[in-house]
Amino acid sequence: MTSSDIYIVGEDDVTREVIMRIIKEFAPSLNIIGALPARGSELKTKITNFNHLAQTIPIVLLSDLDTIDCAPLAKASLLKEIETQHPHFIINIAVDEAEAWLFADRKGFAHFLQVNEADMPMAKEEKFGGLRKRKEISLPIKASYYLTHVLMKKSTNKERRKQLLARLGACKGPEYNSTMIPFIRQSWNIHEAMTHSYSLQGTVRRVQRLAEVLQTVGR
């Protein structure tokens, strides 16, 4: 084990891939040694254990807003059973979920999905339940649902529609993860996405700070 070793936590495969790509691009000195399992409601039940483990190995966690209106409240909800958050337990909230950060790369994601860029959701400055307006991708429903139930109907690529368009009664397309992950790893323009997402900018800053702190400790 080295001073740069970390664990990551995400609720699903796409979320974990997003964390890994951010770290690879903006904090390459961090060495991801594993992903800790935590699906959906498990985050809240395991949050105390994660905070304790962070005393030994830092943890970078990414969650979504779920049913809460703003990121600070979502974070506070996760931490309500914790008296003191360990500084090496880095909690990030995607507004509204990790897929919205992919939408924030409007041109690149539109090309990948084979939809007109004009059909992609726009970024707007909104309050999201807080006092200050923050720039985020504006969607009428959750980003992943919008992608698989609305936007993919407009794709000109039959193969993409087959992979990602949700069938009747399904939450996501039949090849959702295997199709999305290559885009995240190879094509997602995070720099472009950051210009449309305040919450993504914050996550990048936090992982960069963690890398700087751990490099200092390791000297």
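The values are calculated or read from the model by the stated rules, or taken from the named source; none is laboratory data. Keep in mind it's a predicted model, so treat the numbers as computed, not measured. Ideal geometry is used to build each Cβ from the backbone, glycine not excepted, and the neighbour counts take in all protein chains shown. When the accessible area is computed, the model is the full protein with side chains, heavy atoms only, and any ligands, DNA or RNA have been set aside. Shrake-Rupley method; radii C 1.70, N 1.55, O 1.52, S 1.80 Å.
Conditions tested, residue by residue: (1) of a type outside the set (D, E, K, R); (2) closer than 21 Å to residue 183 by Cβ.
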| residue | (1), (2) |
| --- | --- |
| 134 | no, no |
| 138 | yes, no |
| 143 | yes, yes |
| 151 | yes, yes |
| 158 | no, yes |
| 163 | yes, yes |
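Name every residue in the stretch 130-149 that is more than 18 Å from residue 193 (Cβ to Cβ) and open to solvent by less than 50 Å² (accessible area, probe 1.4 Å), in order of residue number.
Those that are more than 18 Å from residue 193 (Cβ to Cβ) and open to solvent by less than 50 Å² (accessible area, probe 1.4 Å): 130, 148, 149.
Residue 110 is checked against (1) crowded, with 17+ Cβ neighbours inside 10 Å; (2) of a type in the set (A, V, I, L, M); (3) out of contact with any Ser or Thr (no Cβ under 9 Å at 6 or more places or on another chain); (4) under 22 Å from residue 19 (Cβ atoms) and fails just one. What number does that condition carry?
Every listed condition holds for residue 110 apart from (4).
Would you be able to say whether some residue in the stretch 41-51 is open to solvent by 70 Å² or more (accessible area, probe 1.4 Å), of a type outside the set (Phe, Trp, Tyr), at pLDDT 95 or above and not in a helix (DSSP H, G or I)?
No, because not a single residue in the stretch 41-51 is open to solvent by 70 Å² or more (accessible area, probe 1.4 Å), of a type outside the set (Phe, Trp, Tyr), at pLDDT 95 or above and not in a helix (DSSP H, G or I).
When residues of the stretch 128-150 are filtered for being more than 19 Å from residue 94 (Cβ to Cβ) and not in a loop (DSSP other than H, G, I, E, B), how many remain?
1
For the stretch 116-174, how many residues meet the condition of being at pLDDT below 95 and aromatic (Phe, Trp, Tyr)?
Qualifying residue count for the region: 1.
Out of all the residues in the stretch 1-38, which are surrounded by fewer than 20 Cβ atoms within 10 Å (Cβ to Cβ) and assigned to a strand (DSSP E or B)?
5, 7, 31, 32, 33, 34, 35, 36
When you scan the stretch 151-177, how many residues do you find that are in contact (Cβ under 8 Å) with a residue 24 or more places away in the chain, outside any loop (DSSP other than H, G, I, E, B), open to solvent by 90 Å² or more (accessible area, probe 1.4 Å) and farther than 22 Å from residue 118 by Cβ?
Here the count works out to 0.
Could you list, ordered by first residue, the pairs with Cβ atoms under 6 Å in which the first is in the stretch 182-197 and more than 23 Å from residue 65 (Cα to Cα) and the second is at pLDDT 95 or above and of a type in the set (Gly, Ala, Ser), at least 6 apart or interchain?
187/108
Scanning the stretch 180-217 for residues that are open to solvent by less than 50 Å² (accessible area, probe 1.4 Å) and more than 17 Å from residue 19 (Cα to Cα), which turns out modelled with the highest pLDDT?
Filtering first and then ranking leaves 196.
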